[in-house]
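Have a look at the structure below before the remarks.
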Amino acid sequence: MKRLIPGFFVLIFVAACARNDVPQGIIESDKMISVLTDVHLVDSYVSSAAYDSTTRPIKMYYKVVYQKYKIDSVTFQKSLRYYSRQPEVLDTMYYQVLKTLERMEQWENLREQMKTKAERALEIEKQNATIRLKPQPHWFFKYDTSGLFNNTGVPVPPTGI
């Protein structure tokens, strides 16, 4: 019996430490990675030169992100504080956020390259089209060099008969 009681406490301690459930009101880690990705995209947009703070406040952009994931700012802050207390978990999450942002950047670069190639191809097509559309004499529509037609387009009988 004396061995059973310490073993029971060790078992409870191990079970409590091994359980990694997210408490109530905290965003799950997969969803939090997506939220953090979108929040960092908003931050990068706001810090860019194209942002005008007089027309659209930054809170509006965050509100759109919160609505997308059906959360509010309090839940986001509470979740961020919770994950900040677990640096290994937060580090893993930010690794995933960085990987997602890198994939987005690679995709955007690829899209930009494809757009540039398409614009170049369109420009070449335009140049080729203008070359092809230049009037070329055709065997059927040659100028009246023999004098068979008068100015009206009506055939004139040959004069040598």
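Read-outs throughout are calculated quantities, based only on the coordinates presented, and are distinct from any laboratory measurement. Because the structure is a prediction, the values reported are computed rather than measured. Cβ placement follows ideal geometry from the backbone for every residue including glycine, while neighbour counts extend to all protein chains displayed.
Near Val97: Cβ cut-off under 14 Å, other residues only, Lys/Arg at +1 and Asp/Glu at -1. The net charge is -3. Which of Lys68/Lys115; Lys59/Lys115; Lys31/Lys117; Lys31/Lys78; Lys70/Lys99 have a Cα-Cα distance over 26 Å? Pairs exceeding the cut-off: Lys68/Lys115; Lys59/Lys115; Lys31/Lys117. Around the Cα centre of the stretch 23-100, unit charges on the Cβ atoms of Lys, Arg, Asp and Glu (plus for the first two, minus for the last two) sum to a dipole of about 240 debye.
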